[in-house]
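K.L.:
Once you've had a glance at the structure underneath, I'll fire off some questions.
The values are calculated or read from the model by the stated rules, or taken from the named source; none is laboratory data. Note that the coordinates shown come from a computational prediction; the quantities given were computed from them, not determined experimentally. Cβ placement follows ideal geometry from the backbone for every residue including glycine, while neighbour counts extend to all protein chains displayed. Protein only, heavy atoms only, side chains kept; ligands, DNA and RNA dropped before computing areas. Shrake-Rupley method; radii C 1.70, N 1.55, O 1.52, S 1.80 Å.
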Amino acid sequence: MHESRTAVGAVHIGAVFLHHVDICGAAPAAELAGLQWLPPQELRSLPLELWSALALDLLP
């Protein structure tokens with residue numbers, strides 16, 4: 001992933017990986033308590049940094 005709209009994006013590249021997980025059996029460890037999995041449609045409604053929004057746009 002590359003973007004040239006920002007000063008950071010003009011000099012960095014990123015890789016996006018898609019992993020399918022069984023969220024019914026994936027519980028966070030104690031140090032991650034309070035975190036949760038969110039579906040892509042819910043993530044799209046959040047205020048995201050540019051790279052996060054671009055990565056989300058790559059999802060099917």
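The rows are residues; the columns are (1) modelled with pLDDT under 80; (2) over 22 Å from residue 5 (Cβ atoms); (3) of a type outside the set (Lys, Arg).
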{"site": "21", "(1), (2), (3)": "yes, yes, yes"}
{"site": "24", "(1), (2), (3)": "yes, yes, yes"}
{"site": "28", "(1), (2), (3)": "yes, yes, yes"}
{"site": "37", "(1), (2), (3)": "yes, yes, yes"}
{"site": "41", "(1), (2), (3)": "no, yes, yes"}
{"site": "49", "(1), (2), (3)": "no, no, yes"}
{"site": "55", "(1), (2), (3)": "no, no, yes"}
{"site": "58", "(1), (2), (3)": "no, no, yes"}
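K.L.:
Also, I was wondering about something else. Scanning segment 6-39 for residues that are of a type in the set (Gly, Ala, Ser) and in a loop (DSSP other than H, G, I, E, B), which turns out surrounded by the most Cβ atoms within 10 Å (Cβ to Cβ)?
P.N.:
Quick first cut of segment 6-39, residues of a type in the set (Gly, Ala, Ser) only: 7, 9-10, 14-15, 25-27, 29-30, 33-34.
The next check asks that each one be in a loop (DSSP other than H, G, I, E, B); those that pass are 14-15, 25-27, 29, 33-34.
Numbers: 14: 11, 15: 6, 25: 6, 26: 8, 27: 8, 29: 7, 33: 8, 34: 5.
Looking at residues that are of a type in the set (Gly, Ala, Ser) and in a loop (DSSP other than H, G, I, E, B), I get 14.
K.L.:
Hey, among 3, 42, which residue is without any contact (Cβ under 8 Å) to a residue 60 or more places away in the chain and in a loop (DSSP other than H, G, I, E, B)? I'd like the intermediate steps shown before the answer.
P.N.:
On the way: 42 fails: in a loop (DSSP other than H, G, I, E, B).
None of the others qualify; the one that does is 3.
K.L.:
Which of the residues that make up segment 49-60 are open to solvent by less than 70 Å² (accessible area, probe 1.4 Å) and without any contact (Cβ under 8 Å) to a residue 12 or more places away in the chain?
P.N.:
Looking only at segment 49-60, we keep the residues that are open to solvent by less than 70 Å² (accessible area, probe 1.4 Å), and these are 50-56, 59.
Selection gives 52, 53.
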